[in-house]
Amino acid sequence: MEPNGILIYGEFTQDYGIRNVVKQLLTKSRELKEKIWNQRICVCLIGPRINYENIISELGSYGADDVIIVSDDRLKEYNHNFHPEIFTQIAKKYPPRIILLGATEQGKEIASYCSTKLETGLTADCSDLDIGENNLLLSTRPTFGGQLTADILCSTFPQMATVMENIFKASQIEHSANAIFNWIDIDKIEKKVELVNIIKKNINTKTIENAKIIVSGGSGACKDNGFALIYQLAQKLHATVAGSREAYERGFITKSQQVGQTGKIVSPDIYIAIGISGANQHLTGIKNSGKIIAVNKDKNAPIFEHADIGIVGDLFEIIPNLIRNLDKKEEDNDQ
Amino acid sequence: MNIVVFIKQVPDTEDIKWTANNNIDRTNMDSIMNPVDKQAIEAALRIKEQNNAEITAVTMGPSKAVDVLKEAVAMGVDNAALLCDSKFAGSDTLATSKVLCAAIKEKFPNTNLIMFGQSAIDGETSQTGPNVAVRLNLPFICRVNEILEINNEYITVNSENDNYKYTYKLNLPAVICINNYIFKPRLPRINGYINSQKYFYKSYNMFELNLSDCDTGIKGSPTYVSKVYRKDDKRNCKFVENAQELASALKEE
């Protein structure tokens, strides 16, 4: 069978809603579909036995033509053994031209598994998708520590890519999807990994994806008490704290606060980059921001080319001064 | 117990050079061991401290990639091997995983545990470890930040994400990818350096790994780079002189 269509992994949120990245991939797929002749967009859902009616019509409204459902009550939560194998079996049964997944933990794991089983190419953490020469999928991703951007093509089918969440915008149309129910013999799937225990973590940091104002620290803030200043400023502005890869590597922020290619894509109204030089991989994460304000001691730092407001100088002088000035402004307003 | 740690030499410079085919020109570049791979070695050495284990560091790369093997031996691994053939050049993750699997099958078939760093700072795909596991039909877990127990039968590990902390049990042989920034790598001691100088570094080429040239390199790689460029999404930066002006600008927003 000639490979046809775009197959998308329909990742669920924890309460069986559709994860945003799926809606974003569907929206992008509508655009890709226009460029290649006669393709269908299909979402594969792997979950428990619940009523899928609303989910199917919601997926339809984002552009899905078909929704393939594999349901079993052993699939309530993501399972290392089941989900990658089930998705791969679906990809074999309905050979698509293109397979897209969110560059989430689940998506990346399934993508690695599926591409190896299907002996096909996979481009990870894409920041854009298009159709290139010979109607092939053109996957764009930062490369080399984010210094450069590469357009990557794949010569085998299906052509696979994982895409960062919140890179694309999702939009709805008048459209409905067909449901296709599939039965897969889960008992036949080898259980290689045993989940012994799960502990829910107490999360006290605000999520950076929805933040309106973000104060973000980079390598420049990773010395002395740089991050203490970042937190002080954030408190003053009622902002959320984030950071660069280096800030994460050096333990000043958690993984969920890391902005960039291997972290989160953010879109606040104001993004304040402090001591961040502006590697491409970081810029990928902030380009959807409203206003970008950069504080850096190096006037040639690339961050300034991508900022709206810049100040060159030592953050250990500027930030305390800024906090004092904001205090003063508050007092002025109070009077 | 036999442990293989796969490590990678990555460029250390911001000055990246590319070949005419838009592949990385690794011959003209300063290189280091991928930082998290050092942590995978550290994790392996800690297993060895508690168990009777023999650790082999393996890397695929040009002949100068032997430098990262030297570093691994200096840190304390027992053996090291280089997978080196001009036909391997330009391999994507799929082709790379074929070469690494061939090394396990042909040269280290009695391996109980295969370890990787979670991702390499150059490509950052996080794919090679899982690909090798799937190709060898072995269980795998990524982002491992704690090894709780290991014996000849199984390994239990912790792995976590934003919301949850998971404990998994994997029967050996298995593949684990070590998360960044958890296992602080030890510094080599004088003895380690001496060992690293004395050690004879074995190198295996494509034929010795029983591979053909359609398996590896550019021929064996379905993905290829069509274009590399610096992305241009610049904004017009208005510079302010001091914190006071910055505070005013912030107030306006």
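All of the numbers you see were taken from the coordinates with simple rules; none came from a lab. All values derive from a computational prediction rather than experimental measurement. Cβ: placed from backbone, ideal geometry, glycine included. Neighbour counts: every protein chain shown.
Run lengths n ≥ 4 of DSSP H only: what is the helix-derived mean residue ellipticity at 222 nm for chain A, with -39500 (n - 2.57) per run over all residues, to the nearest 500?
Taking each H run of at least 4 residues, the total per residue is -8500 deg cm²/dmol.
Taking the alpha-carbon distance from A:LYS188 and a cut-off under 16 Å, which aspartates and glutamates remain once sequence neighbours fewer than 8 residues away in the same chain are dropped?
Correct list for A:LYS188: A:ASP72, A:ASP73, A:GLU85.
Report, by chain and number, residues whose modeled amide H sits under 5 Å from the one on A:SER171, excluding near sequence neighbours (fewer than 5 apart, same chain).
Answer set, sorted by chain and number: A:THR27.
Sequence gap at least 6, Cα distance under 8 Å: using those rules, report the relative contact order of chain B to the nearest whole percent.
Computed over chain B, the figure is 24 percent.
By the gyration tensor of its Cα atoms, with a ≥ b ≥ c the square roots of the eigenvalues, what is the shape of the range A:264-335: rounded for a/c under 1.5, prolate for a/b over b/c, or oblate?
oblate
So what is the relative contact order of chain A, in percent, for Cα pairs below 8 Å that sit 6 or more residues apart?
After rounding, I find 15 percent.
Would you mind classifying the range B:2-225 by shape? Square roots of the alpha carbon gyration tensor eigenvalues, ordered a ≥ b ≥ c; an a/c under 1.5 is rounded, otherwise it is prolate if a/b is larger than b/c and oblate if not. Write out the running numbers ahead of the final one.
Working: a/c = 1.44, a/b = 1.28, b/c = 1.12.
Judged from the Cα gyration tensor, the range B:2-225 comes out rounded (a/c under 1.5).
Helix B:243-252 versus the longest principal axis of chain B: what is the Cα-based angle in degrees, 0 to 90, to the nearest 10?
Result, in degrees: 80.
Report, to the nearest 10°, how far helix B:93-107 tilts away from the longest principal axis of the Cα atoms in chain B, using its own Cα long axis and a range of 0 to 90°.
Relative to chain B, helix B:93-107 is tipped by roughly 20 degrees.
Find the cysteines in the protein assembly as shown that fail to meet the 4.7 Å Cβ criterion with every other cysteine, and list them.
A:CYS42, A:CYS44, A:CYS114, A:CYS126, A:CYS154, A:CYS222, B:CYS84, B:CYS101, B:CYS214, B:CYS237
Looking at chain B, identify the longest residue range that excludes and avoids all chymotrypsin sites (Phe, Trp or Tyr not before Pro) in DSSP loops having at most 11 other Cβ atoms within 10 Å.
Between the exposed loop sites, the longest stretch runs B:1-199.
Which residue fluctuates the most in chain A, going by a Gaussian network model with Cα springs under 10 Å, if the choices are A:LYS264, A:LYS23, A:LYS201?
A:LYS201
Would you list which aspartates and glutamates come within 17 Å of A:LYS212, measuring only between C-alpha atoms, while excluding same-chain residues fewer than 8 positions from it?
Within reach: A:ASP269, A:ASP308, B:GLU252, B:GLU253.
Report, in order of residue number, the helices in chain A meeting two criteria: a C-alpha extent of 15 Å or more along the helix axis, and a mean Kyte-Doolittle hydropathy of at least 0.0; treat each whole DSSP H run as one helix.
A:226-237
Please report, to one decimal in angstroms, the Kirkwood hydrodynamic radius of the protein assembly as shown built from all distinct Cα-Cα pairs.
Radius from the Kirkwood sum: 25.2 Å.
Anything over 24 Å Cα to Cα? Flag those among A:LYS117/B:LYS184; A:LYS223/A:LYS297; A:LYS200/B:LYS169; A:LYS33/A:LYS76, in the order listed.
Those over the limit are A:LYS117/B:LYS184; A:LYS33/A:LYS76.
Post the alpha-carbon centroid distance, the range A:82-161 to the range B:79-103, in whole angstrom.
A separation of 21 Å, based on Cα centres.
Take the cross-link list A:LYS108/B:LYS219; A:LYS93/A:LYS264; A:LYS191/B:LYS107; A:LYS264/B:LYS105 and give me the ones stretching past 31 Å between alpha-carbons.
A:LYS93/A:LYS264; A:LYS264/B:LYS105
Only Cα pairs under 8 Å and at least 6 apart count here; give the relative contact order of the range A:225-335 as a rounded whole percent.
About 21 percent, as a whole number.
Stokes-Einstein diffusion coefficient for the range A:213-334 at 37 °C in a medium of 0.692 mPa s, Rh from the Kirkwood formula over Cα pairs: what value in µm²/s?
It comes out at roughly 234 µm²/s.
Taking a cut-off of 17 Å between Cα atoms, list the lysines near B:LYS227, but don't count ones fewer than 8 places away on the same chain.
Correct list for B:LYS227: B:LYS17.
Roughly how crowded by other chains is peptide B:152-164, in terms of the mean Cβ count from those chains within 10 Å of each of its Cβ atoms?
Mean shielding by partner chains, rounded to a whole number: 3.
For chain A, modelled as a Gaussian network with Cα springs under 10 Å, which listed residue fluctuates most, A:ILE99, A:ILE293, A:ILE167?
Comparing A:ILE99, A:ILE293, A:ILE167 in the GNM, the peak value goes to A:ILE293.
What is the angle, in °, between the Cα long axis of helix B:35-50 and the longest principal axis of the Cα atoms in chain B? Nearest 10 is fine, range 0 to 90.
40
Between rounded, prolate and oblate, where does the range B:66-194 land on the alpha carbon gyration tensor, with a ≥ b ≥ c its root eigenvalues, rounded for a/c under 1.5, else prolate if a/b exceeds b/c?
rounded
Please list A:86-97, B:44-55, B:72-83 highest first by mean number of surrounding beta-carbon atoms within 10 Å per residue.
Peptide ranking by packing, descending: B:72-83, A:86-97, B:44-55.
Please give the average number of partner chain Cβ atoms lying within 10 Å of the Cβ of each residue in A:322-328, rounded to a whole number.
If you average over the peptide's residues, the count of other-chain Cβ atoms is 4.
Work out Dmax and Rg for the range A:69-187 from the C-alpha atoms and quote the Rg first, both in angstrom.
15.5, 46
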